[in-house]
1. Give the relative contact order (percent, whole number) for the chain; include only Cα pairs under 8 Å separated by 6+ residues.
2. Using a 1.4 angstrom probe with every protein chain in place, what is the largest-first accessible-area order of Arg129, Arg215?
3. If you count, for each residue, the other Cβ atoms within 10 Å and average over each peptide, how do 230-243, 139-152, 36-49, 201-214 line up from highest to lowest?
4. Scan around Gly73 for amide H atoms under 5 Å from its own, H built in the peptide plane at 1.01 Å from N, and keep only partners 5 or more places away or cross-chain.
5. Averaged per residue, what accessible area in Å² does the range 42-183 show with a 1.4 Å probe, protein chains only?
6. How far is it, in nm, from the label point at Thr198 to the one at Leu242 when both lie 7 Å from their Cα along the line to the Cβ?
7. If each of Leu35 and Ala184 carries a label point 7 Å out from its Cα toward its Cβ, how far apart are those two points in nm?
8. Give the ranking of Leu191, Leu89 by solvent-accessible surface, highest area first, calculated with a 1.4 Å probe.
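The values are calculated or read from the model by the stated rules, or taken from the named source; none is laboratory data. Since this is a predicted model, take the numbers as computed values, not measurements. Quick reminder, even Gly has a Cβ in these numbers, built from the backbone with ideal geometry, and neighbours come from all protein chains shown. Calculation scope for accessible area: heavy atoms of the full protein, side chains included, ligands and nucleic acids excluded. Shrake-Rupley method; radii C 1.70, N 1.55, O 1.52, S 1.80 Å.
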Amino acid sequence: MKRRSAGFFIISLAMAMFCSGLWCQEESDPSLLTLDRIFVSREFSPARFGPARWMRDGRSYTTVEDSAAIKDGREIVLYSAETGKREVLIPAARLIPSGETKPLPIDNYEWSADGKRMLLFTNSQRVWRQNTRGDFWVLDLSAGTMQKLGAGLSPQSLMFAKFSPQGDRVAYVSRNNLYCEDLASSQIIMLTKDGSETLINGTFDWVYEEEFGLRDGFRWSPDGAAIAFWQLDCSAVKNFHLINNTADLYPRIITFRYPKV
């Protein structure tokens with residue numbers, strides 16, 4: 001019996017080592033396609049243009065390109081629409097926050113109306129189907145300073161930040177409440193205080209996103225004196241439980257509010 005057990009153990013160990021060797025060989029062989037390489041990694045993602053933004057003169061635009069000076073860095077490049085002349089407007093080195101060594105990744109950006117400030121969206125997180133939650137920074141081109149918005153709020157919780165028409169303030173959503181931040185003083189004013197899991201200010205639930213493509217739920221008035229926003233009351237919508245069999249090793253239950261007619 002002992003010999004049989006020992007023989008079984010040796011055979012099992014040899015098979016395990018053999019299979020492990022094959023797995024490692026498959027993982028390291030660049031000629032083999034795996035599900036992780038195709039669907040998890042961005043190895044086969046096509047190169048994308050932009051985001052591109054027109055400048056005030058209507059004759060030039062900016063876009064995002066890889067930095068030649070900093071590895072894995074991205075920078076804002078200015079192009080003349082007529083001649084194609086290229087100029088690095090904001091090099092990756094200017095997007096390195098104080099105390100950090102790497103430039104911020106650029107998920108999106110927006111110019112103020114006067115073109116003197118840039119609002120940078122970075123460290124984004126997925127909300128339902130798209131990355132709409134993250135951190136926002138303001139870069140002052142003339143002063144060369146960088147200012148992170150939302151001090152005191154949860155990291156990577158800001159959504160849909162946008163300049164006021166005058167470019168002196170930025171409004172955004174965090175945890176279903178609206179905020180307005182003055183750029184000169186960094187003072188943050190909480191515009192709504194009733195936001196909760198069931199009362200949504202300035203954004204939408206997943207149903208509106210899926211059926212109508214609605215995510216950003218507020219707008220500045222042209223004079224910057226007011227903000228119009230959507231408010232959703234989901235308190236009467238009951239929870240729906242769904243078993244997720246694919247995201248993890250073991251099934252888990254996902255709970256969300258699902259309206260049914």
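1. On the way: 424 pairs, mean separation 18.7, N = 261.
Over the chain, the number comes to 7 percent.
2. Values: Arg129 105, Arg215 55 Å².
My answer, sorted largest first, is Arg129, Arg215.
3. Packing order, densest peptide first, comes out as 201-214, 139-152, 230-243, 36-49.
4. Ser67
5. Numbers: 7820 Å² over 142 residues.
The answer is 55 Å² per residue.
6. For the pair Thr198/Leu242, the computed spacing is 2.2 nm.
7. Placing both labels 7 Å beyond Cα along the Cβ direction yields 5.8 nm.
8. Reading off the accessible areas and sorting them downward yields Leu191, Leu89.
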